[in-house]
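What follows is one structure encoded as structure tokens, with my remarks underneath.
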Amino acid sequence: MKLKQLIPTPSAWAHMRFVFSVFLLPVYLFAFSQATFVQPGQAVLIFFIWHFLAFPASNGYNSYFDKDEDSIGLLEKPPEVDISLYYFSILLEALAFGLGFLISWEFAVAVLIYGIMSKLYSHPATRLKKYAIISFLTVFIFQGCFIYYVTYSALSGLSLFMHWDTGFIVAGAICSCLIGASYPLTQVYQHEEDSRRGDRTISLLLGYNGSFIFSGAMFALGIAGSFYYWHMEGKMANFYFFLVCALPIFLFFNYWFYKVGKSTAHADFKNAMRMNFLSSGCMLVYFGTLALIS
């Protein structure tokens, strides 16, 4: 290993896709809005560890082993990867793990577990990504409820093992359903490259129409979970606000589904990014508002 290999190149910075972390920000905001007590300093550090270290490290590690030639999330023409991307992703992950101890040992271990799962997802020796159901469940759990449970506990200063009530479980399930709804649509334009690489993704398994139907069903489960959660909390106004924020997502989703039904050429990078940014934007408005009023 040479010293210059430790210095991230412009390609490495691009593949970290820091902006992509915005797509996972609603989970943090939901946990923030529901936390019993939040210390501002702790909240900022938790946010920094997840969104500037752990998530970008996972993106970079995945990109290094994928070596994508076609479009990936936020990179229509991804630059060629180099070894600095590998070392940079490991460095960020190590920093995330170390800083996690400033929150709690439980949080640090959770960050480590997230990093391990991202490696199992991407590394050629295990490559969970090539198994449709396993890869879906990995993302469904570890980018959804796992992040919610860990973040809520850390923000509230509670042990992760001490407060598994119904509301806590359902809130995490909502996050997983929303992540699960987005996941197949982030793969729907990559069928050719995934097939060439031998990755049997959930979108490939379901096909174009099946990917949309599955995503719609997951989102419907998220809506049902949201109804149950806010009804249980006695705050139905929050549920109705969720429906308002979800309306643009519903409209574009159905428009895109209609276009893909006419021609699979519309299952492309640009439409997938429009869907991602629209859904993330609407959920940021929703969960951001909850965080502000909490």
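Every number here is computed from the coordinates shown, using simple stated rules; none is lab data. Because the structure is predicted, anything quoted here is derived from the model rather than measured. As a convention, Cβ positions derive from the backbone with ideal geometry for all residues, glycine included, and neighbour counts pool all protein chains shown.
Test each condition in (1) in contact with a Phe, Trp or Tyr (Cβ under 8 Å, 6 or more places away or on another chain); (2) surrounded by fewer than 20 Cβ atoms within 10 Å (Cβ to Cβ) for SER176 and report the one that comes out false.
That leaves (2) as the condition not met.
Can you tell me how many residues within segment 27-50 are surrounded by 22 or more Cβ atoms within 10 Å (Cβ to Cβ), small (Gly, Ala, Ser) and over 22 Å from ASP165 (Cβ atoms)?
0
Among GLU106, GLU93, which is in a helix (DSSP H, G or I), within 21 Å of PHE47 (Cα to Cα), in contact with a Leu (Cβ under 6 Å, 6 or more places away or on another chain) and not hydrophobic (A, V, I, L, M, F, W, C)? Reasoning before the result, please.
Numbers: GLU93 fails: in contact with a Leu (Cβ under 6 Å, 6 or more places away or on another chain).
The unique qualifying residue is GLU106.
Touching a helix residue (DSSP H, G or I) at 6+ places or on another chain (Cβ under 9 Å) and over 15 Å from TYR148 (Cβ atoms): which single residue out of TRP50, TRP13 fits that description?
Details: TRP50 fails: over 15 Å from TYR148 (Cβ atoms).
Just one listed residue meets the conditions, TRP13.
If you take the residues of segment 89-125 that are farther than 15 Å from TYR61 by Cβ and touching a residue at least 40 places away in the same chain (Cβ under 8 Å), which of them is surrounded by the fewest Cβ atoms within 10 Å (Cβ to Cβ)? Before you say what the answer is, go through the steps one by one.
Kept after step one, since they are farther than 15 Å from TYR61 by Cβ, are these residues of segment 89-125: 98-110.
The next check asks that each one be touching a residue at least 40 places away in the same chain (Cβ under 8 Å); those that pass are 99-100, 102-104, 106-107, 110.
Values: LEU99: 18, GLY100: 25, LEU102: 13, ILE103: 21, SER104: 18, GLU106: 17, PHE107: 24, ALA110: 24.
Only one residue fits best here, namely LEU102.
Under 8 Å between Cβ atoms, which residue pairs at least 6 apart in sequence (or on different chains) link something in segment 197-222 that is under 16 Å from PHE253 (Cα atoms) and free of Cβ contacts under 8 Å to residues at least 24 places away in the same chain with a partner that is of a type in the set (Val, Ile, Thr) and crowded, with 16+ Cβ neighbours inside 10 Å?
Every condition considered, the pairs that remain are SER203/VAL188.
Could you check segment 129-139 and list, in sequence order, the residues that are surrounded by fewer than 20 Cβ atoms within 10 Å (Cβ to Cβ) and in a helix (DSSP H, G or I)?
Initially, segment 129-139 is screened for residues surrounded by fewer than 20 Cβ atoms within 10 Å (Cβ to Cβ), giving 130-134, 137-138.
Selection gives LYS130, ALA132, ILE133, ILE134, LEU137, THR138.
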